[in-house]
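So the structure is just underneath, and the comments pick up after that.
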Amino acid sequence: MRPNRPVLSFSFWMSVAFVGLVLMIWLLGSVLTPFLIAAILAYILHPACNRLVALRVPPTLATLMVMLLVILIFLALMMLILPLMYRQSAALIDMLPALGVWVENTLAPMLSSWLGTKISLDAAQIQNWIAANLAQIRSLAVSLLPTIRTGTVAVFGALANLAIIPLVMFYFLRDWTSLLARIAGLVPRRLMPVVTELATETDQVLGEFLRGQLSVMMVMSAFYGAALWLTGLDFAFSIGLIAGLLVFIPYIGMATGLMLATLAGALQFDHFAQLVSVWVVFGTGQLLEGFLVTPLLVGDRIGLHPVAVVFALMAFGQLLGFSGVLLALPLSACVLVGIRHARKRYLKSDFYRQS
């Protein structure tokens, strides 16, 4: 008679699988990044493909139509953003001589009066320092060559990853339903009701959050673009678009837009009051987003607090790199759903109810 072997629980194997998944993401983060981006985009765009398929459009053609629309939107965004970057970079280069004069005639005397010592930042002094330390500068440049080469390889790797994303996204979009069916076929039958409930609730949380955030991004892009246009700022719509698209990361969108708008205003405006009007726009936009737009379009029913979003992005990014940033919101939604179900079971347990 064979001795009875202990049977490992399903929870144990799920824990092992989760640890293995995290380890795989940590080891293969750079390789998985384009696949994760493609999967997230496919998740967002799959409802549009479903609608086209429901209208008797073949799945492959529906996928191509959705991807073509996404590519056109991306190209339109680039046409708005790239001229802004080019003009500001060219304006900064043109301003360098005037900036040097301002540093020598205004900043240096101001620092001298504050610190109580004479500070000179004239061009001749800088040239003499460079000539005296030319040998050290050359050795430093030589030591940085391997880093430059590595960075060049990384740039080409990033471009290759960008080329992979559309191909992978096409297959994800076209085969999304069959992929989910195959995954569901691996779930033990006795656990199917629980897994289905958790997956459905997680999908609802993520879907509501993404739809709400997309609405907030569009509303805030329109607000910032129109308000900055009223101040007379050049490239108002481009800056407003950047600020609006980045609002899904709390405070980053406003900070980035404020920095770009301040730089553009400093290069364009002659009076400080015009620059203040730009700052008022972003202050008003932050209040509008926090107290009206986000509560109205996203609401508190999702449970992903802005502080939790920032923490998730930083924590998963620290642990898993850029792949962790991509997985931060999906994993946070899964954790949130798990905590909700654990809380329900705890409130129904004898340990909680007994007095």
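Tabulated results
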quantity	calculated
Mean-position separation - Cα centroids, the range 38-82 and the range 233-260, in angstrom	25
Contour excess over end-to-end distance, with Cα ends at MET218 and VAL310 and 0.36 nm allotted per residue	31.0 nm
Cβ-derived FRET efficiency at R0 30 Å, ARG340 paired with PHE291, nearest 0.05	0.70
Computed E for ARG189/ALA226 - FRET, C-beta separation, R0 41 angstrom, nearest 0.05	0.15
Dipole magnitude (debye, nearest 20) for the range 159-297, charges at Cβ of Lys, Arg, Asp, Glu	480
Label-reachable residues, the range 245-278, where backbone N falls under 15 Å from a point 7 Å from MET110's Cα toward its Cβ	266, 272
Potential lengthening between LEU27 and ILE71 on full extension [0.36 nm per residue; Cα-Cα distance subtracted]	12.8 nm
Computed lengthening from LEU179 to LEU64, 0.36 nm per intervening residue step minus Cα-Cα distance	39.6 nm
Tensor-based shape of the range 167-218 (alpha-carbon gyration tensor, a/c under 1.5 rounded, otherwise prolate or oblate)	oblate
Contact order normalised by residue count of the range 206-262, Cα under 8 Å, 6+ apart, percent	30
ALA273-ILE81 pseudo-label distance in nm [points 7 Å out on the Cα-to-Cβ vector]	3.6
P(r), alpha carbons of the range 224-281 - 5 Å bins starting at zero, rounded %	4, 23, 34, 24, 11, 4, 1
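Since every read-out is calculated from the coordinates, none of them should be taken as a lab result. Keep in mind that this is a model prediction, so the values were computed, not measured. Glycine also receives a Cβ, built like all others from the backbone with ideal geometry; neighbour counts cover every protein chain displayed.
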